[in-house]
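Trainee: Dropping a structure here in structure tokens format, bear with me for questions.
The values are calculated or read from the model by the stated rules, or taken from the named source; none is laboratory data. Just so it is clear, the model here is predicted, and its values are computed rather than measured. Cβ: placed from backbone, ideal geometry, glycine included. Neighbour counts: every protein chain shown.
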């Protein structure tokens, strides 16, 4: 398999390479300091969030960079987090569930579609593939004026999580399909042929060969879908309301109306970050080598 | 195309295809006929067009004498056009200027003064002896027009009301004419004239029989303040006059009372009820008490202030101030903490005022501070003669049917129609509620979640057929309710049209309904204007419009499919290659039927949630379609005209391009450099750590990141202001900084490095070594070796950023405020704040067109690559 081999390639090459000037210690020091500088700045929002979540209003106002003071730490944290939880608590688990269900649905549908379009042989395959691909040219934002009346009035699903997820799952199949198809088609055909010879049907092949072989890319897509739905703002703001509203929108409303201020806002961001920790860990494990990312090209 | 099958075309195949072709041909013929039939059957509203040579604006619609004809009045020349109810053909015209001619003829120039003889209204009066029309103008003149069935003529006798009042309505009971007029102080009056007395004259024989505004002792009273009580309808009956006011209030003045007033009796009662409704005295009393309360508080608060403040409010100023001004002064000196305390103080003042009023007026029993109403001593009342009843819910409209002696209310709160019989109304006393006597008509209600239209009047009455027209808000539907069977009210028709209804009339058999409706048009310079149009519906046919339309669409689609199949098979008959294809496809469908079945599911989802939206939005951009009025109304490119003529349209496009250029640069250059630097790091452990750590900022949800930038970094108490110190800079609210602040957001912009890094590690090391041996420096290597080799990744990021940047509404919506508007933000606002989906679609279409051209050009420029290979 290609993707496993590539990872070890740079190491094997390094053995007999020349020593370049930039590999000198002083040059490396400069490079690493520039990189670390960028890294530190990327951490700015995160740093502010963590530090300020444990500070009182006055401390945040005076200096946002200062570390929390031990004397006020417990009291500030208690106040901030209880205020934050009061606002986003009721929406927290429901949003995670919605994002989870949506991501599973989106990934599964894309995978099945990609399977059909990769391994099945039929006359109108190219035409149907083009039908799916062509929609990528249409920006997603264009459909909302039609989508709102469709979901709210025609299906009568306004302000329900099902109505919220339906177009996300139903309309989100194309990107995943496109991604999966590229990876599915790289899978060794011999495996499929022998499985067929052994009498495995499509469902078995899909579950036992295709999915396990493409697990990293499926996870990648799943993680992307999850954080996509978790971070969704536009569609949620259009179709959901009140108790059903997602975390992101609740958070925005609380900040925009100044219901939650200073330390408590940061506490809110900390709480809302937890579900994404797991997605980040998965991404870290599979994607830091950059291999999958390299597959995204035109 | 890797799909091949070895097949031979046999004669048997040709025969099969031939017979299939024949069957398809027959089906095609049937479907064509059905499509044509249903196409013809789709009901269409008949527009009334011929209205004057210069297409004057329609102004009002007037029902004819027996439902056989109706009139349209135009603005400007004030011409009455008479139309046949059924054919919509113009029968005759009558110019209101003929009245002026008549006056001139008589030498009565007194009537030709400014302000009169315009804003005409016409009402058909059913008298026992004859049918005639009363025309009244905005200046207080009433004229009688005789009707011979075809033409109207000004009679020699014409009536005159008083000048300086606008006549809002008139009604007659036999020989008595009641006129509702409004004066320049916006006060409403009802006056009674005897028709036989009012002849030929400018005060010659006219005798005011009764004037609801005049008190017998000569003191002027104003019984109705129209600011308080917009009169919805006004009906005079033999028993009395009924005024139905907005807010669901009925005011009845019994005829005996009217006559008593004429004869100078019963003054007290009248005065009493006047007071209840906010007479001049009541208002004055009330305001006095109200003012006193605030005056006390203000004086008290002022006493504690310094001399300079006190000097600003001299006694003369306070004495001359109204209650509202006192409140303002009070607020100015800081005596009132707004907004919460103001509400309480006002309430308290109202209570005080009420108490004071009760004390001063013997006929008041008590004052209820909760409802802010006065309870009136029953001994002062005579219910049969004078009553005021109210409705606790909000009312969208009311009509009074003289035929049924019943009033019908469209209740906006629960969406039901209610009826109140006149006999019940007469029993009501002052302060009683309609709810007690109103009968809810269970069979007539809006659909769940809907309500009656609050545009114009939610309810209209067709006196010829004795039916009601009910207009609903969210759907542009009209329901026609039969009122003839009192036990069982029935909706006989419900029909939908694309209109914003203003008025309706119908004929006696409910065959036609004339609708005066308002529609918006947009001029070429983008200024919208509303115009009135009239059209005719046939309710019976329109009731099935949706069904017929759907059947038509389905038939049309099926016809097209059958036609394509037929043509294809027909060609196949003549051509062996096509014949071969037919056979291949036949086999394919048989073999892969489950694949096609599964794909149907995916294709349906795709069509339902992608194609339908895209095509629908582009179509919708040419129509008026809002959340409150969800009907497709063609508006002659009005949405686009409005967008292109906006003052800040160019600015918003400029902003879009500004952000686009910077987004493209910042999403490519810094990540490329960063990825390159990472590649250069010799120590793999360090590189690994850095790459792992780069994921961690991603745990913050994107909304939180934006809000951190908005509040924590750019905010008034944010990082930047803390670092700079001194005067607070509003980075996002200041148009000098706003755009650049938005660009700077996300510094150091290296988040998307991974794709480039992934591409770079795949570049064989030999290239670099060879380059180095050839004398390429690090910079040259980056430009000449690395970048060209990861061009596919750069292209990917380029396209994705391009699409993302143009669609990025959140950045400017959440962070921007000063001069950072972009088209996509306008679209978002049109969708959410204005709920104008047609407008939002127009924005979406413009964005789509821009993106489509840009992306398609980009794809075209690239080498045509195979889109994955077939296995």
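Trainee: Please state which one of A:60, A:6 is surrounded by fewer than 17 Cβ atoms within 10 Å (Cβ to Cβ), at the interface with chain B (Cβ under 10 Å from one of its Cβ atoms) and modelled with pLDDT under 85. Break it down stepwise before answering.
Mentor: Working: A:60 fails: surrounded by fewer than 17 Cβ atoms within 10 Å (Cβ to Cβ).
Going through A:60, A:6 in turn, just one is surrounded by fewer than 17 Cβ atoms within 10 Å (Cβ to Cβ), at the interface with chain B (Cβ under 10 Å from one of its Cβ atoms) and modelled with pLDDT under 85: A:6.
Trainee: How many of the residues in region A:124-183 are more than 27 Å from residue B:585 (Cβ to Cβ), more than 7 Å from every other protein chain (Cβ to nearest Cβ) and assigned to a loop (DSSP other than H, G, I, E, B)?
Mentor: The qualifying residues number 7.
Trainee: Of the residues that make up region B:690-704, is at least one more than 8 Å from chain A (Cβ to nearest Cβ), on the phi < 0 side of the Ramachandran plot and part of a helix (DSSP H, G or I)? Write out each step before concluding.
Mentor: Of region B:690-704, the ones more than 8 Å from chain A (Cβ to nearest Cβ) are none.
Within region B:690-704, not a single residue is more than 8 Å from chain A (Cβ to nearest Cβ), on the phi < 0 side of the Ramachandran plot and part of a helix (DSSP H, G or I).
Yes/no matrix, rows are residues, columns are (1) closer than 20 Å to residue A:138 by Cα; (2) modelled with pLDDT of 85 or more:
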position: B:622; (1), (2): yes, yes
position: B:625; (1), (2): no, no
position: B:664; (1), (2): yes, yes
position: B:675; (1), (2): no, yes
position: B:682; (1), (2): no, no
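Trainee: On to the next question. Out of B:560, B:653, which single residue is modelled with pLDDT of 90 or more and out of contact with any helix residue (DSSP H, G or I) (no Cβ under 7 Å at 6 or more places or on another chain)?
Mentor: B:560
Trainee: Right, next: For the condition surrounded by fewer than 19 Cβ atoms within 10 Å (Cβ to Cβ) and either within 8 Å of chain B (Cβ to nearest Cβ) or closer than 30 Å to residue B:753 by Cβ (or both), what is the one hit in A:197, A:215, A:247, A:238?
Mentor: Values: A:197 fails: either within 8 Å of chain B (Cβ to nearest Cβ) or closer than 30 Å to residue B:753 by Cβ (or both); A:247 fails: surrounded by fewer than 19 Cβ atoms within 10 Å (Cβ to Cβ); A:238 fails: surrounded by fewer than 19 Cβ atoms within 10 Å (Cβ to Cβ).
The unique qualifying residue is A:215.
Trainee: Being more than 7 Å from chain A (Cβ to nearest Cβ), assigned to a helix (DSSP H, G or I) and free of Cβ contacts under 8 Å to residues at least 60 places away in the same chain is the filter; apply it to region B:705-722 and report the residue that is surrounded by the fewest Cβ atoms within 10 Å (Cβ to Cβ).
Mentor: So the residue we want is B:720.
Trainee: Any residue at all in region B:727-743 that is facing another protein chain (nearest Cβ under 9 Å) and part of a loop (DSSP other than H, G, I, E, B)? Full working, then the answer.
Mentor: Just the residues of region B:727-743 that are facing another protein chain (nearest Cβ under 9 Å), to begin with: none.
Looking through region B:727-743, none of the residues is facing another protein chain (nearest Cβ under 9 Å) and part of a loop (DSSP other than H, G, I, E, B).
One line per residue, one yes/no per condition, for (1) under 21 Å from residue A:252 (Cα atoms); (2) within 11 Å of another protein chain (Cβ to nearest Cβ); (3) part of a helix (DSSP H, G or I):
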site	(1), (2), (3)
B:801	no, no, yes
B:813	yes, yes, yes
B:827	yes, yes, yes
B:830	yes, yes, yes
B:834	yes, no, no
B:839	no, yes, yes
B:844	no, yes, yes
B:850	no, yes, yes
B:853	no, yes, yes
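Trainee: List every residue pair whose Cβ atoms sit under 9 Å apart, with the two residues 6 or more apart in sequence or on different chains, where the first one lies in region B:583-594 and is at the interface with chain A (Cβ under 8 Å from one of its Cβ atoms) and touching a residue at least 40 places away in the same chain (Cβ under 8 Å) and the second, anywhere, is assigned to a helix (DSSP H, G or I) and surrounded by 15 or more Cβ atoms within 10 Å (Cβ to Cβ).
Mentor: As it stands, the answer is B:588/B:596, since those pairs meet every condition given.
Trainee: Determine if region B:524-536 includes at least one residue that is crowded, with 19+ Cβ neighbours inside 10 Å and part of a helix (DSSP H, G or I).
Mentor: Checking region B:524-536: not a single residue is crowded, with 19+ Cβ neighbours inside 10 Å and part of a helix (DSSP H, G or I).
Trainee: When residue B:636 is evaluated against the numbered criteria (1) crowded, with 18+ Cβ neighbours inside 10 Å; (2) part of a loop (DSSP other than H, G, I, E, B), which criterion, by number, is the only one it fails?
Mentor: (1)
Trainee: If you check B:731, B:659, which single one turns out to be surrounded by 15 or more Cβ atoms within 10 Å (Cβ to Cβ) and modelled with pLDDT of 90 or more? Lay out the reasoning, then the answer.
Mentor: Details: B:731 fails: modelled with pLDDT of 90 or more.
Matching residue, one of B:731, B:659: B:659.
Trainee: Considering only residues that are in contact with a helix residue (DSSP H, G or I) (Cβ under 7 Å, 6 or more places away or on another chain) and free of Cβ contacts under 8 Å to residues at least 40 places away in the same chain, which ones fall in region A:188-204? It would help to see each step written out before you state the result.
Mentor: Of region A:188-204, the ones in contact with a helix residue (DSSP H, G or I) (Cβ under 7 Å, 6 or more places away or on another chain) are A:191-192, A:195.
Of everything in region A:188-204, those that are in contact with a helix residue (DSSP H, G or I) (Cβ under 7 Å, 6 or more places away or on another chain) and free of Cβ contacts under 8 Å to residues at least 40 places away in the same chain turn out to be A:191, A:195.
Trainee: Another one. Being under 30 Å from the mean Cα position of the chain (by Cα) and modelled with pLDDT of 85 or more is the requirement here; does residue A:65 meet it?
Mentor: On the way: under 30 Å from the mean Cα position of the chain (by Cα): yes; modelled with pLDDT of 85 or more: no.
No, not satisfied.
Trainee: Regarding region B:657-671, can at least one residue be identified that is part of a helix (DSSP H, G or I) and within 11 Å of chain A (Cβ to nearest Cβ)? Explain how you work it out, then say what you get.
Mentor: Filtering region B:657-671 down to residues part of a helix (DSSP H, G or I) leaves B:657-671.
Retained after the next criterion (residues that are within 11 Å of chain A (Cβ to nearest Cβ)): B:670-671.
The answer is yes, given that some residue of region B:657-671 is part of a helix (DSSP H, G or I) and within 11 Å of chain A (Cβ to nearest Cβ).
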